[in-house]
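This report concerns only the one structure given below.
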Amino acid sequence: MKKWILAFLGLILVGFSAFTIDRLRSVENHSFQAGEAYVYKVKYGFITIGQANVDVHPKIFRINNRPCYRVNVLGKTAGMASIWKVSNTYRSYIDTTAIIPHKFVYSARENNFARDQTFTFDHQGLRVSKREKDKVETYDVPKYVQDVISGYYYLRTFDFGSMAPGSAVKAPMFFDDKLYNMTVSYSGKETIKTKFGKMEVLKLNPILPPNKLFEGKDAIRIFVSNDENRVPVQLEIDFSFGTISMELNDYQNVRNPFRWS
């Protein structure tokens, strides 16, 4: 009888330990869902130079024994720029509850250049492992660290419209082999024209560290739908050589109907 009791208590303790180790935060999400997809046209001035496809796979995947959205971002050249044959893919497996990444894959194809990296996130041990070819490197990271894709989806869970202009949201982000403090400032509301009609948007500005690539403090301007989707409708980036813009060109399976006028 004692052995049975000890075995029963052992099972309870193991189960409790597993629950404790696996416990992560819960982030409320009304903005995106499995199966949604967006297509953006990328332009330099009036010239179309590329296309970006952003989609959440209809299936829920299981990574690190957690349910995850699989988000794909594909950027490729188009129009006159197609002669450069650039196709870069960013893929993130994002925890459906905690909205943090468990795995991130980066694949670059630029003419004859190729690069592939895989990042595995250990949110209990606060580590990220990067594999590139046969080389594996491990980095220490803070709690609830994001990758470049999961960070964007995490931002979509924030109700910027209820914040005062000048407010900012912060989160740690890891990319390549560097840790960044992702900071996004909310600048207010405005109405923009799109191919689908007019829409009220929220203007967001990622705050960048000093660099030679982007021009000015507010070099990146993201115009996000002022609804529960909180999806970028337009985006402008000031580089040292000029401004690149992205415009929403197509969409499907959005979680909440857009409000065009």
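Taking into account only those residues within segment 22-48 that are surrounded by 12 or more Cβ atoms within 10 Å (Cβ to Cβ) and either touching a Cys at 6+ places or on another chain (Cβ under 6 Å) or among the polar types (S, T, N, Q) (or both), which is farthest from Arg91 (Cα to Cα)? Break it down into steps so the answer makes sense when it comes.
Step one: filter segment 22-48 for residues surrounded by 12 or more Cβ atoms within 10 Å (Cβ to Cβ), giving 22, 24-25, 27, 29-44, 48.
Remaining after also requiring either touching a Cys at 6+ places or on another chain (Cβ under 6 Å) or among the polar types (S, T, N, Q) (or both): 29, 31, 33, 48.
Working: Asn29: 20, Ser31: 19, Gln33: 16, Thr48: 24 Å.
This residue is Thr48.
In the set (1) farther than 23 Å from His57 by Cβ; (2) among the aliphatic types (A, V, I, L, M); (3) touching a residue at least 24 places away in the same chain (Cβ under 8 Å), the condition left unmet by Val136 is number (3). For segment 195-208, the criterion of being modelled with pLDDT of 95 or more, part of a loop (DSSP other than H, G, I, E, B) and surrounded by fewer than 17 Cβ atoms within 10 Å (Cβ to Cβ) is satisfied by at least one residue. I'd like to know if segment 228-235 contains one or more residues that are at pLDDT 95 or above, acidic (Asp, Glu) and outside any strand (DSSP E or B). The answer is yes, given that some residue of segment 228-235 is at pLDDT 95 or above, acidic (Asp, Glu) and outside any strand (DSSP E or B). When segment 100-114 is filtered for residues that are over 12 Å from Tyr90 (Cα atoms) and assigned to a strand (DSSP E or B), the ones remaining, listed by number, are Pro101, His102, Glu110, Phe113, Ala114. Whenever a residue of segment 177-189 is closer than 16 Å to Ile220 by Cβ, its partners that are exposed (fewer than 14 other Cβ atoms within 10 Å of the Cβ) and among the charged types (D, E, K, R), lying with C-beta atoms within less than 7 angstrom and at least six residues away or across chains, give the pairs Asn181/Lys170; Met182/Lys170; Thr183/Lys170.
Evaluation of Lys76 against the conditions (1) under 19 Å from Tyr154 (Cα atoms); (2) touching a strand residue (DSSP E or B) at 6+ places or on another chain (Cβ under 8 Å); (3) modelled with pLDDT of 95 or more shows that the sole unmet condition is (1).
Among the residues of segment 143-173, those identified as touching a residue at least 24 places away in the same chain (Cβ under 8 Å), within 12 Å of Ile94 (Cα to Cα) and assigned to a helix (DSSP H, G or I) are Val148, Ile149, Ser150, Gly151, Tyr153, Tyr154.
The values are calculated or read from the model by the stated rules, or taken from the named source; none is laboratory data. Here the structure is a predicted model, which is why all the values come from computation and not from measurement. Every residue, glycine among them, receives a Cβ derived from its backbone with ideal geometry; neighbour counts consider all protein chains shown.
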